[in-house]
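Take a look at the structure below.
Derivation of every value follows stated rules applied to the coordinates shown; laboratory data play no part. Note that the coordinates shown come from a computational prediction; the quantities given were computed from them, not determined experimentally. We place every Cβ from the backbone using ideal geometry, glycine too, and count neighbours over all the protein chains shown.
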Amino acid sequence: MEKFYRMSIYFLLIIFLPLLSYAQPSQKFAHLGNFKLESGSVIKDCIIGYRTCGKLNEEKSNVILFPTWFGGTSHDLLSSMGRGGMADTTKYFIVAIDALGNGVSSSPSNSKLQPNDQFPEFNIRDMVNTEYELATKTLGLKHVFCVMGSSMGGMQAFQWIVSYPDFMDKAITIVGSPKMTSNDLLLWNAELLTIKEGLSCNASEESIKNAVVAIHALNLQTPDYFVKHLTPEEFPKFLKATESQYTKVFNTYNWMSQLVAMINQNVSAPFDNNMGKAAAVVKAKVLIISSMQDHMVNPHPALDFAKLILVKPLVLNNDCGHFGAGCEAEKVDSAINKFLSSH
């Protein structure tokens, strides 16, 4: 049980760990006004949260955009930053960006004009479009060195290289996907249907959260990992602790809004659903990191995309599932730093 909790988690569960840095960059906000979504709907008084770490060089050529994972915040991303880490702030100027629906940027939970179920549906492209506005209009950037992200952040990185192919030199996507598989859709719809059923029955936020978290946690790691590291006797304690941890980040309508965004993830949609055409617009050098035993974000679309853009992915094959990069953190960090420093 103790080994189970000590496992190095590369992302997502970092939200439950204390930051090691005493000096934390302050939360900032970009005000985008009324932001039109791809659907034609509008987010009124749209705001995007962000934090900056490191020093911007004179040429403004060392910028890395780092969007958040599902349910994560820019505050959580700080744990991935520092000397020699995944995002080395001694070399790069990191802009950690709060994705739409995370409770910091415009979300169902914090919108005064469009609260809860009145908040319009958005997709991953909408997330990236707001981030582009932040980068160009608020920060005055015409080009960035890299866009990187993990999980839903990796989905955004895939979208970035297709939506704005001239805007970055490099991109890194870690256990992300350019399009959902049927298995992904089954998982995300199971969570979505659970929320909708709970709301229709007037269930409490706590009971909805606990039901959704059980589905979510089931898919974070592989069955083999759970069997090895968690005994049946220890399970009640694990489940209670997991439910308690997610209390810090779970909001019914926020969770649902980002679920819908991921369900609709497909970078080829504007290209007549032709992934080859979408891949053909990519100009950045791309590092794709996938976990073969990932039960949460199926690795095959990312690996197929790697073939289309003629890059060799870093493929992890361990029983840690979606946390595969966490189990091989040294290897992943080394690959990322080598990729960023290469010409």
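Using only the Cα atoms, what convex hull volume per residue in Å³ does the range 116-201 have?
In the range 116-201, the Cα convex hull volume per residue is 107 Å³.
To the nearest 20 debye, what charge dipole does the range 237-289 have about its Cα centre, counting +1 at the Cβ of each Lys and Arg and -1 at the Cβ of each Asp and Glu?
Charge dipole, the range 237-289, about its Cα centre: 240 debye, nearest 20.
Can you compute the charge dipole magnitude of the range 2-341 about its Cα centre, using +1 on each Lys and Arg Cβ and -1 on each Asp and Glu Cβ, nothing else charged? Give it in debye, rounded to the nearest 20.
The dipole magnitude comes to about 820 debye.
Tell me the relative contact order for the range 132-222 as a rounded percent, counting alpha carbon contacts under 8 Å between residues six or more apart.
RCO, the range 132-222: 22 percent.
Most exposed first by the Cβ proxy, i.e. fewest other Cβ within 10 Å, how do 187, 303, 192, 310 rank?
Lowest count first: 310, 303, 192, 187.
What's the extension gain from residue 166 to residue 312 if we count 0.36 nm per residue and subtract their Cα-Cα distance?
50.4 nm
Identify all aspartates and glutamates with a Cα-Cα distance to residue 228 below 15 Å; exclude those on the same chain that are fewer than 8 residues away in sequence.
Cα-Cα hits under 15 Å: 2, 319.
If you rank 248, 170 by fewest surrounding Cβ atoms within 10 Å, what's the result?
248, 170
If the limit is 20 Å between Cα atoms, which of 55/285; 285/307; 60/137; 277/307 go over it?
Pairs exceeding the cut-off: 55/285.
Would you mind checking 142/179; 44/112; 179/331 for any pair whose Cα atoms are more than 19 angstrom apart?
Correct reply: 142/179; 179/331.
For the chain, which cysteines have no second Cys with its Cβ under 4.7 Å from theirs?
46, 53, 146, 201
Defining a contact as two alpha carbons under 8 Å apart and six or more residues distant in sequence, what relative contact order in percent does the chain show?
19 percent
Which value results for Rg/Rh of the range 148-191 when Rg is the Cα radius of gyration and Rh the Kirkwood radius based on the inverse mean 1/r?
Answer for the range 148-191: 1.08.
Match the structure shown to one of the listed values (1) 61, 44, 39; (2) 150, 68, 31; (3) 57, 46, 46 of Cα extents along the principal axes in Å, computed from it, and give that label.
Working out Cα extents along the principal axes in Å from the coordinates points to (3).
Which percent, to the nearest 5, of DSSP beta bridges fully inside the chain are antiparallel?
35 percent
Please turn the phi angles of the range 150-161 into ³J(HN,Hα) values with the Karplus equation 6.51 cos²θ - 1.76 cosθ + 1.60 (θ = phi - 60°), one per residue in order, whole Hz, x for glycine and proline.
So the Karplus estimates, Gly and Pro as x, are 10, 6, 5, x, x, 4, 5, 4, 4, 5, 4, 6 Hz.
If you plug each phi of the range 259-266 into the Karplus form 6.51 cos²θ - 1.76 cosθ + 1.60 with θ = phi - 60°, what whole-Hz ³J(HN,Hα) values come out, in order, with x for Gly and Pro?
Couplings: 4, 4, 4, 6, 4, 8, 4, 6 Hz.
Tell me which of 115, 189, 199 sits at the most positive position along the dipole axis of the range 96-246, charges placed on C-beta atoms (Lys, Arg +1; Asp, Glu -1).
Result: 115.
Could you work out the helix-only [θ] at 222 nm for the chain, with each DSSP H run of four or more residues adding -39,500 (n - 2.57) and the total divided by the number of residues, to the nearest 500 deg cm²/dmol?
The per-residue figure over the chain is -11000 deg cm²/dmol.
Residue-wise, which Karplus ³J(HN,Hα) couplings in Hz belong to the range 92-106, taking 6.51 cos²θ - 1.76 cosθ + 1.60, θ = phi - 60°, and x for glycine or proline?
For the range 92-106, the Karplus curve yields 10, 9, 9, 10, 7, 10, 7, 6, 3, x, 8, x, 9, 5, 3 Hz.
Hey, rough spin-label estimate for residue 224 and residue 34, points 7 angstrom out along Cα→Cβ, what's it come to in nanometres?
A separation of 5.5 nm, rounded to one decimal place.
For residue 144, list long-range residues whose amide hydrogen, built 1.01 Å from N in the peptide plane, is under 5 Å from its own amide hydrogen.
Distant-sequence amide H within range of residue 144: 168, 169.
Report, by chain and number, residues whose modeled amide H sits under 5 Å from the one on residue 42, excluding near sequence neighbours (fewer than 5 apart, same chain).
Hits under the 5 Å cutoff: 37.
Which FRET efficiency value, to the nearest 0.05, is calculated for residue 244 and residue 335 with the Förster distance at 30 angstrom and r the Cβ-Cβ distance?
In this case the efficiency is close to 0.30.
Report the one residue of 284, 239, 252 whose Cα lies farthest in the direction of the positive end of the charge dipole of the chain (charges on C-beta: Lys and Arg +1, Asp and Glu -1; origin at the Cα centre).
The residue sitting most towards the positive pole is 284.
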